[in-house]
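For reference, the structure is listed below as structure tokens.
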Amino acid sequence: MTNDDVISVLNDLIQTSKDGEEGFRTCAEDASQRDVQLKMMFQDRSRSCAAAASELQELVRALGGDPSNHGTVSGSMHRQWLNIKSLITGKDDEAVLNECERGEDAALKSYREALQKDLPANIRMVVERQYQGVLANHDRIKALRDQVRMHNVA
């Protein structure tokens, strides 16, 4: 892989991380007021995504590149869909968690695609570590969604 190819992969992941940061921030805003823990978890996930983006931006700078500083168009569209859906469903926590899980599915896909590339070892380590964080986020969101779903049925 050329240096420019590595920078391109990293910039894609920066955009994915920025999407996560904004998506979790939106989820925190849309989570019901009665579930303070859920709201705080979303805020924490937003900060983690911001830190991941910052770390990737530093790698791009170290490679002599210009790091991305925004999310993707599809991420913006996803947040708009989340806002519309939340308005329709009355900001139901299950609906918010469903949309968060969809966002994390997209992040997992981006990281898996990046890990299929022939990245330098030091960069691969960072991407793999961040991928594990995205996987943990996804699993946590899914578990919370299932928990809320069971509570709603009861």
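Things to note:
- Region 31-52, residues that are among the hydrophobic types (A, V, I, L, M, F, W, C), part of a helix (DSSP H, G or I) and in contact (Cβ under 8 Å) with a residue 40 or more places away in the chain: Leu38, Met41, Phe42, Ala52
- Tabulated pairs, region 1-30, first within 20 Å of Arg129 (Cα to Cα), second of a type in the set (Phe, Trp, Tyr) and in a helix (DSSP H, G or I), C-beta under 6 angstrom, 6+ apart or interchain: Phe24/Phe42
- Test: residue in region 72-81 that is at pLDDT 80 or above, under 26 Å from Glu55 (Cβ atoms), open to solvent by less than 60 Å² (accessible area, probe 1.4 Å) and part of a helix (DSSP H, G or I): no
- Filter result (assigned to a helix (DSSP H, G or I) and either more than 30 Å from Met150 (Cβ to Cβ) or open to solvent by less than 20 Å² (accessible area, probe 1.4 Å) (or both)) within region 111-126: Tyr111, Glu113, Ala114, Leu115, Ala121, Asn122, Ile123, Arg124, Met125, Val126
- When we screen Leu144, Leu135 for residues that are without any contact (Cβ under 8 Å) to a residue 40 or more places away in the chain, part of a helix (DSSP H, G or I) and among the hydrophobic types (A, V, I, L, M, F, W, C), the only hit is Leu135.
- Condition met for Glu99 (in a helix (DSSP H, G or I), over 30 Å from Val148 (Cβ atoms), in contact with a helix residue (DSSP H, G or I) (Cβ under 7 Å, 6 or more places away or on another chain) and not β-branched (Val, Ile, Thr)): no
- Of all residues making up region 14-71, the number that are of a type in the set (S, T, N, Q), at pLDDT below 90 and surrounded by fewer than 21 Cβ atoms within 10 Å (Cβ to Cβ): 4
The values are calculated or read from the model by the stated rules, or taken from the named source; none is laboratory data. What you see is a predicted model, and the numbers here were worked out from it, not measured in a lab. Note that we place each Cβ from the backbone using ideal geometry, even for glycine, and neighbour counts take in every protein chain shown. Heavy atoms of the whole protein, side chains included, go into the accessibility calculation; ligands, DNA and RNA do not. Shrake-Rupley method; radii C 1.70, N 1.55, O 1.52, S 1.80 Å.
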